[in-house]
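A.B. asks: I am attaching a structure below and will ask some questions about it afterwards.
The values are calculated or read from the model by the stated rules, or taken from the named source; none is laboratory data. What you see is a predicted model, and the numbers here were worked out from it, not measured in a lab. Using ideal geometry, Cβ is built from the backbone for each residue, glycine included, and neighbour counts are taken over all protein chains shown. Note: areas computed on protein heavy atoms with side chains; ligands, DNA, RNA excluded. Shrake-Rupley method; radii C 1.70, N 1.55, O 1.52, S 1.80 Å.
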Amino acid sequence: MAAAAPSRAKINVAQPSARQVALAALKIWRRKKDFAERIISRLLTDSKLQSADRAFAIELFYGVLRNLTLLDFWIGALRPTRVEVDLRDLLRLGLYQLMILKTPEHAAVYETVAIAEKRSRQIVNGILRSAVRRRKELQAALNSEPLGVQFSHPRFLIERWRKQFGDEATGALCEWNNRPPPIYARINRLKVDHQTFLKRYREARSLAKVSNFVELASPYDALSHGDCYVQDPSTAIACELLGAKPGEKILDACAAPGGKTGYLAELMENNGTIVACDRDDDRLRLVEENLARLNVRIAKIVQHNWAETQVPDEISSVAPFDRVLVDAPCSNTGVMRRRVDVRWRLRPTDFARMQARQIQIVRAILPLLKPNGTLVYSTCSLEREENEAVTESLLREVSGLELEEERRCLPFTDNFDGAFAARVLRRS
């Protein structure tokens with residue numbers, strides 16, 4: 001791990017530029033390995049950037065993270081000698097603008113040099129101007145590089161996807177993961193119907209395959225009024241497979257941040273009971289805020305960690321449940337275009353570790369499901385260990401379970417985020 005970055009990584013000027021915010025975020029991410037979304041959110045909260053500059057700072061930060069290996073490949077071609085870590089962050093930022101965003105040369109070079117330490121400005125200027133002159137050569141050099149360089153993915157992920165999906169699909173998946181995601185939102189039909197929503201928010205674009213979802217350029221107004229909830233259409237698979245009906249008792253076992261809970265309440269027409277659990281108090285507060293805005297009136301929010309043996313009375317007193325949704329913690333490999341640093345956080349051993357945790361959670365929950373009740377297990381992972389292998393293990397080890405249906409969404413075929421869901425019936 002590199003030594004702590006100098007104080008310049010902190011934003012200590014009255015009005016930092018978007019590039020300064022992005023550079024500070026990159027240095028913090030490298031040092032602390034905190035979640036990228038948290039880092040940029042905190043920095044933007046402390047800044048005074050206008051909306052356009054905030055969007056640019058996010059684009060720079062996320063764009064560099066999506067293309068780390070590629071940018072480092074170009075840095076190596078432009079400067080074969082060792083590059084100090086803070087200088088590397090700055091060069092990544094400059095090359096991302098020049099080579100990928102296609103920012104005008106004078107702006108990309110001048111503004112990047114301007115935020116460099118004084119001692120580094122000549123080096124930064126020279127390397128970026130060399131990149132301008134050698135642009136075609138640098139681009140052509142990629143053709144002979146492996147997918148891991150071209151699309152900045154760890155080798156172990158590419159190897160496992162090739163075994164599971166094949167070469168062509170793996171290439172398409174890597175490309176998909178590097179695309180900035182659109183903003184999709186589920187229309188909250190507890191408050192507004194589809195046609196009214198489209199009349200109220202003229203910029204909304206309907207999606208052909210999923211009638212209750214739209215694409216929005218700026219969802220702020222619709223969100224603040226509770227008329228929609230931002231989520232990918234793939235997240236609806238688990239809720240629809242569960243088949244919750246008005247008047248039933250539902251357990252949403254891993255509910256935060258509340259998008260699936262809100263959809264379940266809509267499918268139940270706000271009639272019945274949903275117990276929404278999560279282990280983290282801060283995330284439960286977010287659930288509470290989201291459900292209140294969506295006008296969900298049937299949810300009971302409970303803090304609980306399923307690794308603990310004692311189930312709280314707030315849950316056990318409502319049991320047995322008609323249906324249970326276990327949207328389990330997972331590796332998130334199906335949502336890499338949204339969670340841009342996931343690829344750099346994962347290790348080959350994580351999948352077996354996650355599988356053990358997922359099985360533990362489901363086994364702890366099964367006694368709360370009534371006989372002939374339905375459980376849906378879901379993830380936003382693409383990995384077999386976390387999906388089919390989990391259901392196979394449960395069916396093998398727990399008597400009285402019957403697999404009814406499995407559904408999955410694959411980015412390279414379905415054009416939405418990756419997701420998996422399995423519906424299991426408890427016979428006894």
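A.B. asks: Under 13 Å from the Cβ of residue 356, count the other residues' Cβ atoms, weight Lys and Arg +1, Asp and Glu -1, and hand me the total.
C.D. replies: Cβ neighbours under 13 Å give a net charge of -1.
A.B. asks: If you plug each phi of the stretch 201-216 into the Karplus form 6.51 cos²θ - 1.76 cosθ + 1.60 with θ = phi - 60°, what whole-Hz ³J(HN,Hα) values come out, in order, with x for Gly and Pro?
C.D. replies: So the J values, rounded to whole Hz, are 10, 5, 7, 5, 10, 5, 9, 5, 7, 9, 5, 8, 10, 9, 9, 10.
A.B. asks: Highest first, please rank the peptides 205-213, 89-97 by the mean number of other Cβ atoms sitting within 10 Å of their residues.
C.D. replies: 89-97, 205-213
A.B. asks: Expressed as a whole percentage, what fraction of the accessible surface of the stretch 62-138 belongs to carbon and sulfur atoms when a 1.4 Å probe is rolled over the protein heavy atoms?
C.D. replies: Accessible surface attributable to carbon and sulfur in the stretch 62-138 totals 52 percent.
A.B. asks: Pop the C-beta distance of residue 194 and residue 338 into the FRET formula with R0 = 22 Å and round what comes out to the nearest 0.05.
C.D. replies: Once rounded, the FRET efficiency stands at 0.35.
A.B. asks: Just the projected area, averaged over all directions, of the convex hull on the alpha carbon atoms of the chain: how many nm²?
C.D. replies: 22.2 nm²
A.B. asks: Please work out whether the stretch 336-384 counts as rounded, prolate or oblate from its C-alpha gyration tensor, where a ≥ b ≥ c are the square roots of the eigenvalues and a/c under 1.5 means rounded, while otherwise a/b larger than b/c means prolate and anything else oblate?
C.D. replies: Prolate, because a/c is 1.5 or more and a/b exceeds b/c.
A.B. asks: Among rounded, prolate and oblate, which fits the stretch 9-140 when a ≥ b ≥ c are the square roots of the eigenvalues of its C-alpha gyration tensor, a/c under 1.5 means rounded, and a/b larger than b/c means prolate?
C.D. replies: In terms of gyration-tensor shape, prolate.
A.B. asks: Something else now. Over all directions, the average projected area of the alpha-carbon convex hull for the stretch 229-356 comes to how many nm²?
C.D. replies: Mean shadow area of the hull around the Cα atoms is 8.4 nm².
A.B. asks: Roughly to the nearest percent, how much of the accessible area of the stretch 142-203 is carbon and sulfur, given a 1.4 Å probe?
C.D. replies: 46 percent
A.B. asks: Give a residue-ordered list of calculated ³J(HN,Hα) values for the stretch 311-328 (Karplus: 6.51 cos²θ - 1.76 cosθ + 1.60, θ = phi - 60°; whole Hz; x for Gly, Pro).
C.D. replies: My calculation for the stretch 311-328 gives 7, x, 4, 4, 9, 5, 6, 8, 4, x, 8, 5, 8, 10, 10, 10, 8, 6 Hz in order.
A.B. asks: List the lysines whose Cα sits under 29 Å from the Cα of residue 48, skipping any in the same chain fewer than 8 residues away.
C.D. replies: Partners within reach: 10, 27, 32, 33, 102, 118.
A.B. asks: Treating the angle as unsigned and between 0 and 90°, give the value, to the nearest 10°, between the Cα long axis of helix 388-397 and the longest Cα principal axis of the chain.
C.D. replies: 30 degrees
A.B. asks: Given a 1.4 Å probe, how much area per residue of the chain is accessible, in Å²?
C.D. replies: Heavy-atom accessible area per residue stands at 46 Å².
A.B. asks: With each pseudo-label sitting 7 Å past Cα toward Cβ, what's the residue 164-residue 45 distance in nm, one decimal?
C.D. replies: 3.4 nm
A.B. asks: Once neighbouring chains are kept in place and the probe is 1.4 Å, which whole percent of the accessible area of the stretch 371-413 is contributed by carbon and sulfur?
C.D. replies: Carbon and sulfur atoms account for 45 percent of the accessible area of the stretch 371-413.
A.B. asks: How far apart, in nm, are two points set 7 Å out from the Cα along the Cα-to-Cβ line at residue 52 and at residue 155?
C.D. replies: 4.5 nm
A.B. asks: Next question, about the same structure. Determine the gain in length on full extension of the stretch residue 427-residue 353; use 0.36 nm per residue of separation and subtract their C-alpha separation, reporting nm with one decimal.
C.D. replies: So the chain would gain 23.8 nm between residue 427 and residue 353.
A.B. asks: Under the rule a/c < 1.5 gives rounded, and otherwise a/b versus b/c splits prolate from oblate, where does the stretch 63-212 land using the Cα gyration tensor?
C.D. replies: oblate
A.B. asks: Okay, which of the stretch 232-248 sit inside 20 Å, backbone N to the point 7 Å along the Cα-Cβ direction of residue 345?
C.D. replies: Taking a point 7 Å out along Cα→Cβ of residue 345, the residues of the stretch 232-248 whose backbone N falls under 20 Å are 232, 235.
A.B. asks: With axes computed from alpha carbons, what is the tilt in degrees of helix 167-177 against the longest principal axis of the chain, rounded to the nearest 10 within 0 to 90?
C.D. replies: Tilt relative to the chain: about 80 degrees.
A.B. asks: Something else now. Less than 12 Å Cβ to Cβ from residue 157, Lys/Arg counted +1 and Asp/Glu -1: what total charge do the surrounding residues give?
C.D. replies: +4
A.B. asks: I would also like to ask the following. What residues qualify as long-range amide H neighbours of residue 417, i.e. H under 5 Å apart, gap of 5 or more or another chain, H built at 1.01 Å from N?
C.D. replies: For residue 417, the qualifying residues are 234.
A.B. asks: Hey, for a label at residue 300 modelled as a point 7 Å past Cα toward Cβ, could you say which residues of the stretch 351-378 have their backbone N under 16 Å away?
C.D. replies: 368-370
A.B. asks: List the lysines whose Cα lies under 28 Å from the Cα of residue 191, skipping any in the same chain that are fewer than 8 positions away.
C.D. replies: List returned: 199, 209, 245, 249, 260, 300.
A.B. asks: Further, regarding this structure: Could you list which residues have their amide H under 5 Å from that of residue 327, counting only those 5 or more apart in sequence or on another chain, with H placed in the peptide plane?
C.D. replies: The list, which skips near neighbours in sequence, is 253, 254, 378.
A.B. asks: What FRET efficiency comes out for the pair residue 317/residue 363, r = Cβ-Cβ distance, R0 = 22 Å, nearest 0.05?
C.D. replies: FRET efficiency, residue 317 to residue 363: 0.55.
A.B. asks: I want to verify the translational diffusion coefficient of the stretch 314-421 in µm²/s; compute it with Stokes-Einstein, Rh as the Kirkwood radius over Cα pairs, at 25 °C and 0.890 mPa s.
C.D. replies: 166 µm²/s
A.B. asks: From the backbone phi of the stretch 107-116, what are the Karplus-calculated ³J(HN,Hα) couplings (6.51 cos²θ - 1.76 cosθ + 1.60, θ = phi - 60°) in whole Hz, Gly and Pro given as x?
C.D. replies: 6, 4, 6, 4, 5, 6, 4, 5, 9, 7
A.B. asks: Now a separate question. Going by alpha carbons, how many degrees (0 to 90, nearest 10) lie between the helix axis of 18-32 and the longest principal axis of the chain?
C.D. replies: 70 degrees
A.B. asks: Next question, about the same structure. Within the stretch 298-335, find all residues whose amide N lies under 14 Å from a label point positioned 7 Å from the Cα of residue 402 along Cα-to-beta-carbon.
C.D. replies: Hits in the stretch 298-335 for residue 402 at 14 Å: none.
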